[in-house]
Each structure stands twice: as C-alpha cells, then as structure tokens.
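Data block below; observations after.
Values quoted throughout were computed directly from the atomic coordinates according to the rules given, and no laboratory measurement underlies them. All figures in this text were calculated on a predicted structure; none of them were measured in a lab. So basically every Cβ, Gly included, is an ideal-geometry build from the backbone, and we count neighbours across all protein chains shown.
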C-alpha cells in the first residue's frame with residue numbers, strides 16, 4: 001500500500017495555485033513553470049529546465065525525474081491554458097466540483113502528476129519516470145514547441161501519458177489537423193446594385209457548403225463517426241456600400257487516422273468554384289494499439305478506481321503526443337473527470353484528482369515490477 005505524507009486535499013490546493021496563474025500569456029506561463037520548479041525543489045527533487053519554446057525562445061520546459069530502472073514512463077502536462085475572463089482564474093469548489101480556467105485542461109491532472117512523482121520518490125520506483133512540463137501546448141509560436149525541445153534533448157521512453165481530459169478513458173487515437181485558407185475572387189459593384197457584381201463572401205459560403213458534402217467529410221472509422229470541419233474565420237469586405245470582390249475563409253479540419261491530407265486538399269480544390277488554397281498548418285493523427293501492454297496495464301488500473309468501463313477512445317483534438325510519436329514513442333491521453341474545457345464553465349470532479357494520482361502511482365508500480373506491463377508488444 002502506498003503511504004503518503006501529503007493528502008488528496010493537497011492536490012486540490014496545488015491545482016488552485018496553478019489555476020491562479022493566467023498562463024495564456026507567455027510571461028504567466030513562464031511564471032507557472034518556475035513555480036513548479038520551486039515546488040519540486042522544496043521537496044528535494046531536482047529538475048532540468050530548457051529554454052527554446054515560445055516567442056524569442058524564452059519559454060521554459062521542465063523535467064523532473066525519478067528512478068533508474070526499466071521501462072521509462074513519460075508523464076506529460078502543459079502549464080498553459082486558453083484565454084479566460086479574470087474571474088476564471090479564481091478557482092472555487094461547488095457541489096464536489098472545482099471550477100476555473102484550466103482545472104480540467106489540464107492543471108488538475110498536472111497537480112496530480114506532481115504529487116504522484118513525490119509519492120513514487122518516497123516509496124521507491126523500479127521504473128524510470130519523467131514528468132515533462134511544457135508552457136505552450138495550447139498556442140502556436142514561431143520556432144519549436146516545448147515538446148519538440150524535450151524530444152531533441154533526449155527525453156524519450158516506452159510510453160507517454162498526457163493528462164488531457166478523458167474522464168478516465170484512454171485516448172488511443174487522435175485526429176490529424178489540416179488548417180486551410182480558401183481565397184476567392186468576385187466582382188465589385190455599388191452596394192445599391194449588388195446584382196451587377198459577384199459577392200465574394202457569398203461565394204465563400206457556397207464553397208464551404210460544398211466542402212462539407214465532399215466524400216472525405218462522410219468517411220468514418222472504428223473510433224470516429226466523421227472528421228471535424230470547422231469554418232473558423234471569414235475575411236472579406238471593406239466598406240459597407242460596395243460588393244466585396246475578395247474574400248477568404250479558414251477551415252480547421254480534423255481528419256481521421258487513415259485519411260490522407262493531400263487527398264482532402266485535392267477534393268477541396270476540385271470544387272468548381274475558382275479558389276486559391278493555402279495550407280496554414282498540418283499535424284498527423286496519432287495512434288497506439290489498444291493491445292499495447294502498457295495501455296492494457298493502464299486500463300486495468302483505471303478499472304479499479306472508475307465505476308464504469310474505461311475503454312480506448314478516439315480524441316477529436318490534437319495534443320503534444322504527435323511530437324513523441326515522430327520519435328517512435330507511443331502515447332495516450334488519460335486524465336480525470338470533468339467537463340467544459342475551453343469554455344466558461346470548466347470544471348473537474350474534485351475526488352477524481354486524488355483517484356488519478358493513485359492510478360498513476362499504481363500503474364508505475366505494476367509496470368516496474370513486470371518490466372513491460374505484461375504481454376507482448378503489438
């Protein structure tokens with residue numbers, strides 16, 4: 001049995017401390033990471049810090065490490081959040097739920113991971129565990145991401161667990177990302193006589209309606225009923241009394257594992273409305289087999305604490321797993337119970353944070369004893 005000198009209420013307290021950093025700005029994200037460094041230092045655990053992420057390469061990614069055996073498990077958390085209102089950075093509890101920006105995505109999971117590292121250091125650890133904390137999972141900056149910096153610095157292992165919100169299910173697949181800008185040309189005319197022109201904004205809307213009817217948009221897979229297609233932004237028009245002759249719109253497409261982004265772009269270009277298509281951003285899907293022995297061991301541990309049936313699920317959003325997958329490291333998303341992430345009512349079930357902490361400790365203990373989690377690699 002695991003003996004702890006600090007209780008589950010401390011996980012809640014630590015989550016609240018982390019939430020109070022409005023870490024959607026680079027400066028506050030850096031402050032949050034420095035706080036985490038000091039927290040570990042106060043408990044006798046050294047950390048490594050690497051600059052290189054964010055604007056000017058000044059943001060810091062952090063690594064805490066315990067153990068020296070096999071296998072090597074990577075725990076991954078991000079200290080940054082999406083923007084929120086000022087009141088969202090004053091967390092509060094209500095009806096067994098902790099509310100605030102980032103409690104579910106993913107400062108609650110990060111706090112539990114931090115305490116799990118301390119637990120494993122106290123009781124001894126047959127495996128090697130590294131906690132990787134990055135400051136920039138939620139935002140794109142020029143230059144390498146924090147996760148890319150850590151991979152480059154040699155922080156690799158046998159499995160990565162990122163604490164993204166999954167309600168104790170195990171995210172074994174995630175969609176890829178294909179962000180496109182579609183530009184269209186129309187014909188200008190006076191606003192009082194729109195029939196003499198060709199409205200480029202209306203052309204953009206007509207084009208979008210045809211995109212969602214393309215064959216790729218209707219495909220499905222074992223874990224996903226369809227790709228996600230979001231009309232994220234429209235750019236067009238200048239003055240109110242003129243028919244706009246230029247317009248563009250941005251598409252955020254989350255495509256299925258097995259789909260080809262080049263084929264998706266080809267289908268969009270085949271629509272018989274003249275356009276220019278620019279690829280703004282692209283990230284491949286992530287995938288790990290549910291037969292992976294570490295995944296199977298994690299599911300067995302989750303089943304002990306979760307009053308349901310934790311299963312392998314598909315994740316609609318992307319995560320930093322992709323950067324580790326490129327280095328040959330399988331990864332899963334696995335986090336506590338909650339809801340409303342990126343929204344105004346974000347919450348995490350308070351008791352699930354302590355359960356999550358226990359799951360991580362038990363998982364590491366099991367795979368440390370068994371070496372490969374039991375079973376053969378797929």
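Quick notes
- Inter-probe distance in nm under a simple model that places probes 7 Å from Cα toward Cβ, at residue 280 and residue 219: 2.3 nm
- Between 0 and 90°, nearest 10: helix 108-123 axis offset from the chain longest Cα axis: 20 degrees
- Considering helices alone, the calculated mean residue ellipticity of the chain at 222 nm is -9500 deg cm²/dmol, with DSSP H runs of length four and up weighted by -39500 (n - 2.57) and normalised per residue.
- Relative to the longest principal axis of the Cα atoms of the chain, helix 8-19 runs at roughly 40 degrees.
- Theoretical FRET efficiency, 1/(1+(r/R0)^6), r = Cβ-Cβ of residue 287 and residue 239, R0 41 Å, to 0.05: 0.25
- On Cα atoms only, tilt of 350-370 relative to the major axis of the chain in degrees: 70 degrees
- Normalised contact order of the chain, rounded percent, pairs of Cα under 8 Å and 6 or more residues apart: 23 percent
- Distance between the pseudo-spin-label points of residue 270 and residue 13 (7 Å out from Cα toward the beta carbon): 6.2 nm.
- Measuring nothing but how far apart in sequence close Cα pairs (under 8 Å, 6+ apart) lie, relative to its length, region 20-89 scores a relative contact order of 36 percent.
- Each residue in 337, 329 was given a count of other beta-carbon atoms within 10 angstrom of its own, and listing them fewest first yields 329, 337.
- Alpha-carbon centroids, region 15-46 and region 132-178: separation in whole Å: 18 Å
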